[in-house]
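Colleague: The structure follows.
The values are calculated or read from the model by the stated rules, or taken from the named source; none is laboratory data. Just so it is clear, the structure is predicted and the values come from calculations on it, not from any experiment. Positions of Cβ are generated from backbone atoms using ideal geometry, with glycine treated the same way; all protein chains shown enter the neighbour counts.
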Amino acid sequence: MVGHVREPDACEEPTLPPCVALDCVTAGILTRAHERWHHGRLREAIALAEQAVEADCGRCGRPCSVYAGLLLTLFLVGIRHVDEAADLQRRLHASPEVQDDLQLVASTTLVGAKVALAAGDYADAAALAEQGLRLAAETGQTAWTPVGNLVLATTTLRRGDLCAALHYSAKLEEDAVFAREMFPVGQSAWAIVQLSEAGKGRDKAVALARELLGSQTFTRRLLVAEPAAVPWLVRLLLRVGERGPAGAGVRFAERLAAENPDVDSIGAAVLHAAALLEDDLDKLRRAAESHTDPWARASVLEDIGVRLSAGQDESPEAAGYFERAMRAYTHMGSLRDASRVMSRLRGINASPRSRGRCRPRSGIQGLTDTEYAVAKLVSQGLTNSETAEQMFLSRHTVAFHLRRVFQKVGVKSRLELAVMWNELDTGSVGPAADAAPVLSGSRT
């Protein structure tokens, strides 16, 4: 993991396949669209991208209109017009121009993964990203691989597979080294900060968060592309008492929202971040009604539950919000978040009314899901205390489940379990296929 987030140049643009004709009309329009987007003039950027799709200049012999369509799709995803983005991506993918060119098939597939991620369909997002990355590798279409790596870094982290998330985070850093950036670098940076918080702890993540919100360029790019990013970073900084950087980030975000009053995703994200800064329950509730991003909406529902349950042994109202958040996380496949909310419910002596799965399905016959999760963490070298922390269980409960695992699989020690694990673990099945045990980290 890098310890420093690279500050992007003010005019830095995502890499698009170069056009061989200097006077290509479409390429000229796309350049202006990028410039507007990076300066926070979102509707102007989208209008220019729509114009580029229709330009059809025909001067370079390259599929520039397809690239314009893919960029427009990413812009629409950024403001969470997901249905419109999905329709455009499907039409592009089905077009004869794309189907006759495997590089374009790879690109449109990867963009489809980004659309699915924004829609909260993590299973489809991961499957499309893996398919698109394979095609990109086979055809040499490496310029678009950051899209797939970002999707997989996000989905693996949210379902709790830290090892896989680390792998894709390293891929994102590799993409940056080779200037393969199909979207502003801030999106990759946020993924890296989240992974840092999950794996290395809050101190490391706080330093990176402070750096991100301290840059107006990063704050702008995060806000226009990832509605949950700025509230998440503000929450992290507030938990360690850093109101100054959190407040500066919120104030700049409010200015950007004022410049884009008709972009609901930005307005909801800014309202959410300001509510956290001001500890304003009414604003949190309004943000819950306004968020168009599924994960961001679940996040603010959890925040409301936290606010209502503060200092309470029991709180039916808080439990209701936690229930809604847990159902939303589970529906998306964000098992790490669902597991954390389950712990919050236990903390106020509430049992979930819904019985959604909060841990990966067992990949070993005879082991329950919880036994499987305990065994997998222990086989990776975690102590009982570390396993308990990751799974929101007591050390005694972990020890109980581990004894049951030893009996069922016929081993006598942790070392034997670790040595045999790869042979034992046939892979989890069902919606959370191949997911590692849910990792808690500290929810920020």
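Colleague: Could you check G311 against (1) surrounded by fewer than 22 Cβ atoms within 10 Å (Cβ to Cβ); (2) closer than 23 Å to L212 by Cβ and say which number it fails?
Modeller: With respect to (1) surrounded by fewer than 22 Cβ atoms within 10 Å (Cβ to Cβ); (2) closer than 23 Å to L212 by Cβ, G311 is out only on (2).
Colleague: Restricting attention to helices (runs of 4 or more DSSP H) lying wholly within the range 201-288, give those where 1 or more residues are in contact with a Phe, Trp or Tyr (Cβ under 8 Å, 6 or more places away or on another chain) and aliphatic (A, V, I, L, M).
Modeller: Values: elements: 202-213, 216-225, 229-239, 243-259, 264-278.
Passing ranges, in order: 202-213, 216-225, 229-239.
Colleague: How about the range 304-386: which helices (runs of 4 or more DSSP H) wholly inside it have at least 2 residues that are at pLDDT below 85?
Modeller: In the range 304-386, the matching helices (runs of 4 or more DSSP H) lie at 335-347, 369-379.
Colleague: So, in the range 364-391, how many residues would count as being charged (D, E, K, R), more than 14 Å from V409 (Cβ to Cβ) and touching a residue at least 24 places away in the same chain (Cβ under 8 Å)?
Modeller: 1
Colleague: Just a yes or no: is a residue in the range 80-99 touching a Leu at 6+ places or on another chain (Cβ under 6 Å) and under 20 Å from L152 (Cα atoms)?
Modeller: yes
Colleague: On the given criteria, is L223 buried (at least 24 other Cβ atoms within 10 Å of the Cβ) and either touching a Cys at 6+ places or on another chain (Cβ under 8 Å) or under 25 Å from R159 (Cα atoms) (or both)? If you could, list the steps in order and put the result at the bottom.
Modeller: Values: buried (at least 24 other Cβ atoms within 10 Å of the Cβ): yes; either touching a Cys at 6+ places or on another chain (Cβ under 8 Å) or under 25 Å from R159 (Cα atoms) (or both): yes.
Judged against the criteria, L223 is a match.
Colleague: Starting from residues that are part of a loop (DSSP other than H, G, I, E, B) and small (G, A, S), keep the ones in the range 150-198 and report whichever is modelled with the lowest pLDDT.
Modeller: My answer is A179.
Colleague: Could you say whether any residue in the range 116-138 is free of Cβ contacts under 8 Å to residues at least 40 places away in the same chain and among the hydroxyl-bearing types (S, T, Y)?
Modeller: No.
Colleague: Give me the residue from the range 394-442 that is surrounded by 20 or more Cβ atoms within 10 Å (Cβ to Cβ) and part of a loop (DSSP other than H, G, I, E, B) and, out of that set, modelled with the highest pLDDT.
Modeller: G441
Colleague: Go through the range 105-141 and report how many residues are among the β-branched types (V, I, T) and either touching a Gly at 6+ places or on another chain (Cβ under 6 Å) or not assigned by TED's automatic domain parsing to the domain that holds H81 (or both).
Modeller: Looking only at the range 105-141, we keep the residues that are among the β-branched types (V, I, T), and these are 105, 108-109, 111, 115, 139.
Cutting the leftovers down to either touching a Gly at 6+ places or on another chain (Cβ under 6 Å) or not assigned by TED's automatic domain parsing to the domain that holds H81 (or both) gives us 109.
Summing the residues that are among the β-branched types (V, I, T) and either touching a Gly at 6+ places or on another chain (Cβ under 6 Å) or not assigned by TED's automatic domain parsing to the domain that holds H81 (or both) in the range 105-141 gives 1.
Colleague: At least 1 residues that are small (G, A, S) and closer than 16 Å to A27 by Cα in each: list the helices (runs of 4 or more DSSP H) lying fully within the range 42-98 that qualify.
Modeller: Numbers: elements: 42-55, 64-78, 82-94.
Hits in the range 42-98: 42-55, 64-78.
Colleague: A further question on this structure: Of all the residues that make up the range 117-127, how many are in a helix (DSSP H, G or I) and either at positive phi or crowded, with 24+ Cβ neighbours inside 10 Å (or both)?
Modeller: 5
Colleague: Moving to a separate point now. Return the only residue of L157, L110 being surrounded by 24 or more Cβ atoms within 10 Å (Cβ to Cβ) and within 16 Å of D175 (Cβ to Cβ).
Modeller: L110
Colleague: On the given criteria, is R36 surrounded by fewer than 21 Cβ atoms within 10 Å (Cβ to Cβ) and not in a helix (DSSP H, G or I)?
Modeller: On the way: surrounded by fewer than 21 Cβ atoms within 10 Å (Cβ to Cβ): yes; not in a helix (DSSP H, G or I): no.
In short, no.
Colleague: Restricting attention to the range 83-107, report how many residues are surrounded by fewer than 21 Cβ atoms within 10 Å (Cβ to Cβ) and in contact (Cβ under 8 Å) with a residue 24 or more places away in the chain.
Modeller: Of the residues in the range 83-107, 7 are surrounded by fewer than 21 Cβ atoms within 10 Å (Cβ to Cβ) and in contact (Cβ under 8 Å) with a residue 24 or more places away in the chain.
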